[in-house]
Amino acid sequence: MDNGNPSEAFVAFERVQKSYDGEELVVKDLNLAIGKGEFLTMLGPSGSGKTTCLMMLAGFETATYGDILLDGNAINNIPPHKRGIGMVFQNYALFPHMTIGENLAFPLEVRGMGKSEREEKVKRALAMVQMESFAGRRPAQLSGGQQQRVALARALVFEPELVLMDEPLGALDKNLRERMQYEIKHLHDQLGITVVYVTHDQTEALTMSDRIAVFDDGRIQQLAPPADLYERPENAFVAQFIGENNKLMGKVDSVDGESAMVRLDDGSLVKSLRVCVNEPGEETTLSLRPERVLVADDGKDYDNTFEAVVEELIYLGDHIRSRVNVCGNRDFIMKVPNSSDHHSMAVGQKVRVGWSMQDCRALDAS
Amino acid sequence: MTQGDAATDPSMTDHMRDGQMVTADGTPLKASLKRAERRRKIIALLFVAPLLVFLMISFIIPIGQMMFRSVDNPQITSTLPRTLEAMEAWDGQGLPDEPVYAALAADLTIAQENRTVGQLAVRLNYEISAARGALTRTARQVSNMEAPYKEKFLDAHRLWGNPEIFQIIKREGRPLTASYYVSALDRTYDADGNIVLQNENRRIYVDLYIRTLLMSLGITFLTLLLGFPISFLMSSLPMRYANLLMIFVLLPFWTSLLVRTTAWIVLLQQQGVINELLVWAGFISSDNRLGMIHNMTGTIIAMTHILLPFMVLPLYSVMKTIPPSYVRAARSLGANPWVAFWRVYVPQTLPGIGAGAVLVFIISIGYYITPALVGGQSGQMISNLIAYHMQTSLNWGLAAALGTILLVGVLVLYWVYNKLVGADIKLG
Ligand SMILES: Nc1ncnc2c1ncn2[C@@H]1O[C@H](COP(=O)(O)OP(=O)(O)O)[C@@H](O)[C@H]1O
Ligand SMILES: [Mg+2]
């Protein structure tokens with residue numbers, strides 16, 4: 001797994017472990033190198049240890065084992081307020097007893113900055129998130145989206161090189177969330193800051209990130225750019241967690257270079273790309289994206305073709321979502337493009353479906 | 001109206017009449033809404049009615065009566081009506097003339113028969129200390145007196161030769177009086193009827209009010225000083241330990257007041273545990289044992305202990321709701337732990353501090369039992385004097401005046417407090 005080169009990284013986790021209770025490891029052997037200016041997202045289900053990693057980086061939790069490096073220096077013993085890391089919290093954590101202006105001036109004040117300079121910077125930071133006219137209000141008088149912008153401005157106003165965000169958009173509705181995703185992304189490009197972003201929303205991760213670290217069970221399951229993560233998942237968890245996925249269980253029959261023949265439970269043999277399997281007899285999960293399964297009536301040559309029975313059709317305009325029974329698997333989804341030259345399908349009809357070896361990845365068994 | 005019209009604007013026909021919104025059956029919408037609302041209000045009122053009645057009987061009416069008693073003054077007008085009438089001609093200088101004494105004799109005769117001389121005597125005795133003796137003695141002889149009465153009266157008691165008694169009767173011969181408040185504020189009437197300060201050695205109450213105020217503030221401050229750290233600790237500990245600590249805090253609630261107070265006596269008295277320990281350890285000599293009980297120190301120590309839960313509970317419940325992310329945010333923004341605590345955490349505990357402080361202050365300003373048990377002379381508070389006038393001197397009017405002043409004082413302080421911090425807390 002390519003986790004980058006720690007010696008050149010801006011932020012590096014080296015063999016970091018964390019336990020809260022001395023019995024269970026919440027973070028297990030975390031190795032991660034984040035480059036300067038990178039937008040890295042930690043993506044994973046709830047309880048997978050993302051927040052814990054962020055808190056260790058910010059200094060609010062100590063690593064039980066291992067080192068965390070910032071710009072090449074171990075920061076394990078540096079208190080949070082000396083790390084100079086900006087942070088956006090899920091509930092925004094805007095100080096309710098201060099106005100927006102006072103909230104933004106706070107980090108500058110504690111750094112001993114003069115009043116005029118402070119006001120200048122606060123104004124600029126508020127302008128950056130289009131909130132100039134709200135400086136005199138209290139947080140409670142703002143909407144969720146506005147609070148979010150202010151929290152962002154406050155984390156940026158003292159010009160940190162590294163900004164951490166823990167599910168910052170979790171409390172917003174869908175439209176607002178999408179808008180804020182672009183705004184955060186633009187700010188990142190504009191300011192050249194390094195961002196470590198935590199979310200459990202894969203769309204958010206795919207939209208915003210340079211690289212995504214998929215977390216599960218206290219480990220990074222895969223670290224890759226968004227496209228790689230979707231197209232080339234390295235294990236069954238990632239394939240299932242990112243995007244829609246067809247899962248076929250089977251046993252490796254034979255291995256040949258980069259391909260593997262896999263015998264499914266109903267006996268059919270599938271030619272697939274060898275990713276996690278090494279030798280015949282191994283249990284494996286085949287992962288196949290719905291849009292890569294095609295109706296095989298165009299005379300093209302497919303690596304795999306099978307007879308399928310249409311179970312259910314859902315008309316979605318640009319494509320038709322079809323649930324078919326293939327190789328004894330009744331939950332097999334395919335997306336049939338809505339093109340004029342295509343046969344219309346009907347429930348109960350038999351069709352031939354096909355897919356290429358490259359699109360069918362033989363992953364680990366779980 | 002044609003069908004076409006109705007079809008184009010159905011709302012006109014269905015919901016409007018005479019420019020008013022109406023319901024389906026034609027009653028105006030406002031009236032029908034009001035009726036529905038009224039029903040709800042009546043039901044809500046029924047729910048609180050028992051409490052309201054209880055409060056009325058057990059609290060509001062007695063308080064009202066108590067306050068009325070502080071100005072109520074029936075004794076003189078009811079027993080000396082003729083005297084008062086006769087005194088209207090008197091100019092208030094020197095002794096009155098014979099008609100006044102004659103009227104007084106008539107009034108006293110009746111009063112003696114009706115056995116109302118006693119209360120009159122007590123009432124007048126509040127104003128001038130020889131009055132009780134003069135009245136009881138004179139009333140016994142009055143049936144044997146004959147005109148001219150003035151001389152007989154002057155013979156019967158020297159007080160009748162003192163113009164002051166007649167000035168008092170004239171001044172207090174009204175159904176309502178201010179004289180209880182005058183004495184409660186350490187004032188008195190001079191010969192010309194002006195309100196002036198009491199003699200220095202007879203001023204008690206104002207100093208006591210001030211002492212009560214200062215002690216209550218001190219106790220409030222001490223409970224805050226002790227309660228803040230423990231509440232903070234409890235709010236940051238896991239539930240299991242927090243509950244254990246809470247039991248320690250609540251322990252004073254669960255032990256009888258007398259037991260607790262006795263425990264303090266055992267600890268603090270001259271031969272008590274603390275003094276013995278200090279002597280044994282050589283910090284103080286046996287002749288210089290510390291007086292920590294039956295004085296102000298004792299009252300403050302015991303009351304701080306007793307009132308601590310009233311500070312801790314509101315503080316704890318407020319602190320419990322402050323998410324750790326605020327302090328974390330402050331730290332990540334560059335504030336050291338102290339600045340983060342002082343500028344971000346403490347302001348958010350203000351509602352708890354305010355609630356706890358008001359609670360402790362108001363309870364302690366009216367506290368009675370602890371100062372009575374461990375306060376000695378210097379640890380007495382105003383309530384102890386109110387109790388004295390209620391139970392021992394039986395001057396209920398004065399007790400009522402003292403109590404009313406205390407009540408008004410507390411209300412004024414609460415109003416000031418609300419002005420100062422209330423708005424800010426409500427915002428937070
Ligand atoms: N302060 C804490 N004390 C004890 N256990 C914790 C604490 N914070 C998190 N955990 C546990 O650590 C695990 C990972 O939590 P977290 O890092 O918050 O996950 P995520 O942010 O990915 O949802 C969870 O099982 C959680 O119960
Ligand atoms: Mg989390």
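Within segment B:331-360, can you find the residues that are under 10 Å from A:PRO80 (Cα atoms) and at the interface with chain A (Cβ under 7 Å from one of its Cβ atoms)?
B:ARG331, B:SER332, B:LEU333, B:GLY334, B:ALA335, B:ASN336, listed by residue number.
Would you call A:PHE89 in contact with a Lys or Arg (Cβ under 9 Å, 6 or more places away or on another chain) and within 16 Å of ligand 2 (Cβ to nearest atom)?
Working: in contact with a Lys or Arg (Cβ under 9 Å, 6 or more places away or on another chain): yes; within 16 Å of ligand 2 (Cβ to nearest atom): yes.
When the stated conditions are applied, A:PHE89 passes them.
Being within 16 Å of ligand 1 (Cβ to nearest atom) and within 20 Å of A:VAL195 (Cβ to Cβ) is true for just one of A:LEU25, A:LEU30, A:LEU104, A:LEU69. Which residue is that?
Values: A:LEU25 fails: within 20 Å of A:VAL195 (Cβ to Cβ); A:LEU104 fails: within 16 Å of ligand 1 (Cβ to nearest atom); A:LEU69 fails: within 16 Å of ligand 1 (Cβ to nearest atom).
After applying the criteria, what remains is A:LEU30.
From the list B:PHE248, B:PHE228, exactly one residue is hydrophobic (A, V, I, L, M, F, W, C), under 21 Å from B:VAL358 (Cα atoms) and assigned by TED's automatic domain parsing to the domain that holds B:ALA357. Which is it? Write out each step before concluding.
Numbers: B:PHE248 fails: under 21 Å from B:VAL358 (Cα atoms).
It is B:PHE228.
Given the conditions (1) more than 13 Å from chain B (Cβ to nearest Cβ); (2) surrounded by 22 or more Cβ atoms within 10 Å (Cβ to Cβ); (3) on the phi > 0 side of the Ramachandran plot, which single one is not true for A:ALA93?
Only one criterion in (1) more than 13 Å from chain B (Cβ to nearest Cβ); (2) surrounded by 22 or more Cβ atoms within 10 Å (Cβ to Cβ); (3) on the phi > 0 side of the Ramachandran plot is unmet by A:ALA93, namely (1).
Being surrounded by fewer than 19 Cβ atoms within 10 Å (Cβ to Cβ), closer than 25 Å to B:TYR417 by Cα and not hydrophobic (A, V, I, L, M, F, W, C), is that true of even one residue in segment B:278-294?
No, there is no match, as no residue in segment B:278-294 is surrounded by fewer than 19 Cβ atoms within 10 Å (Cβ to Cβ), closer than 25 Å to B:TYR417 by Cα and not hydrophobic (A, V, I, L, M, F, W, C).
Might you let me know whether segment A:112-122 holds any residue that is assigned to a helix (DSSP H, G or I), of a type in the set (Lys, Arg), surrounded by 16 or more Cβ atoms within 10 Å (Cβ to Cβ) and more than 32 Å from the chain's Cα centre (by Cα)?
The first filter runs over segment A:112-122 and keeps only residues assigned to a helix (DSSP H, G or I), leaving A:115-122.
Now restrict to residues that are of a type in the set (Lys, Arg): A:115, A:118, A:121.
Restricting the remaining residues to those that are surrounded by 16 or more Cβ atoms within 10 Å (Cβ to Cβ) gives A:118, A:121.
Next cut, more than 32 Å from the chain's Cα centre (by Cα) only: A:118, A:121.
For segment A:112-122, residues assigned to a helix (DSSP H, G or I), of a type in the set (Lys, Arg), surrounded by 16 or more Cβ atoms within 10 Å (Cβ to Cβ) and more than 32 Å from the chain's Cα centre (by Cα): present.
Here is a check on your reading of the model: is A:HIS81 in a helix (DSSP H, G or I) and within 10 Å of chain B (Cβ to nearest Cβ)?
yes
Looking at (1) within 14 Å of chain A (Cβ to nearest Cβ); (2) exposed (fewer than 15 other Cβ atoms within 10 Å of the Cβ); (3) under 36 Å from the mean Cα position of the chain (by Cα), which one does B:ILE322 not meet, given that it meets all the others?
(2)
If I ask for residues that are part of a strand (DSSP E or B) and either without any contact (Cβ under 8 Å) to a residue 12 or more places away in the chain or within 16 Å of ligand 1 (Cβ to nearest atom) (or both), which ones from segment A:190-211 would you list?
A:VAL196, A:TYR197, A:VAL198, A:THR199
Can you report the number of residues in segment B:30-70 which are under 30 Å from B:GLN20 (Cα atoms) and small (Gly, Ala, Ser)? Please lay out each step first, then the result.
Kept after step one, since they are under 30 Å from B:GLN20 (Cα atoms), are these residues of segment B:30-70: B:30-44.
Subset that is small (Gly, Ala, Ser): B:31-32, B:36, B:44.
Of the residues in segment B:30-70, 4 are under 30 Å from B:GLN20 (Cα atoms) and small (Gly, Ala, Ser).
Which residues, taken from segment A:72-95, are farther than 15 Å from B:ARG331 by Cα, within 16 Å of ligand 1 (Cβ to nearest atom) and more than 20 Å from the chain's Cα centre (by Cα)?
Result: A:ASN91, single match.
More than 23 Å from B:GLY227 (Cα to Cα), of a type in the set (Gly, Ala, Ser) and either in a helix (DSSP H, G or I) or in the same structural domain as B:THR223 (by TED's automatic domain parsing) (or both): which single residue out of B:ALA355, B:ALA302, B:ALA372, B:ALA340 fits that description?
B:ALA372
Give the residue that is farthest from A:ALA12 (Cα to Cα), with candidates limited to residues of segment A:41-58 that are more than 6 Å from ligand 1 (Cβ to nearest atom) and of a type outside the set (A, V, I, L, M).
Among residues in segment A:41-58 that are more than 6 Å from ligand 1 (Cβ to nearest atom) and of a type outside the set (A, V, I, L, M), the one farthest from A:ALA12 (Cα to Cα) is A:PRO45.
From the list B:LEU411, B:LEU398, pick out the single residue that is closer than 26 Å to B:ASN73 by Cβ, buried (at least 21 other Cβ atoms within 10 Å of the Cβ) and in the same structural domain as B:ASN295 (by TED's automatic domain parsing).
After applying the criteria, what remains is B:LEU398.
Against the definition (surrounded by 16 or more Cβ atoms within 10 Å (Cβ to Cβ) and assigned to a helix (DSSP H, G or I)), how does A:LEU187 come out, yes or no? Spell out the reasoning first.
Values: surrounded by 16 or more Cβ atoms within 10 Å (Cβ to Cβ): yes; assigned to a helix (DSSP H, G or I): yes.
Yes; evaluated as a whole, the condition is true for this residue.
Would you kindly identify the strands (runs of 3 or more DSSP E) lying entirely within segment A:317-366 that contain at least 2 residues that are farther than 24 Å from A:LYS271 by Cβ?
The qualifying strands (runs of 3 or more DSSP E) are A:319-326.
The values are calculated or read from the model by the stated rules, or taken from the named source; none is laboratory data. These numbers were taken from a predicted model, which means no experiment stands behind them. Positions of Cβ are backbone-derived with ideal geometry, glycine not excepted, and every protein chain shown enters the neighbour counts.
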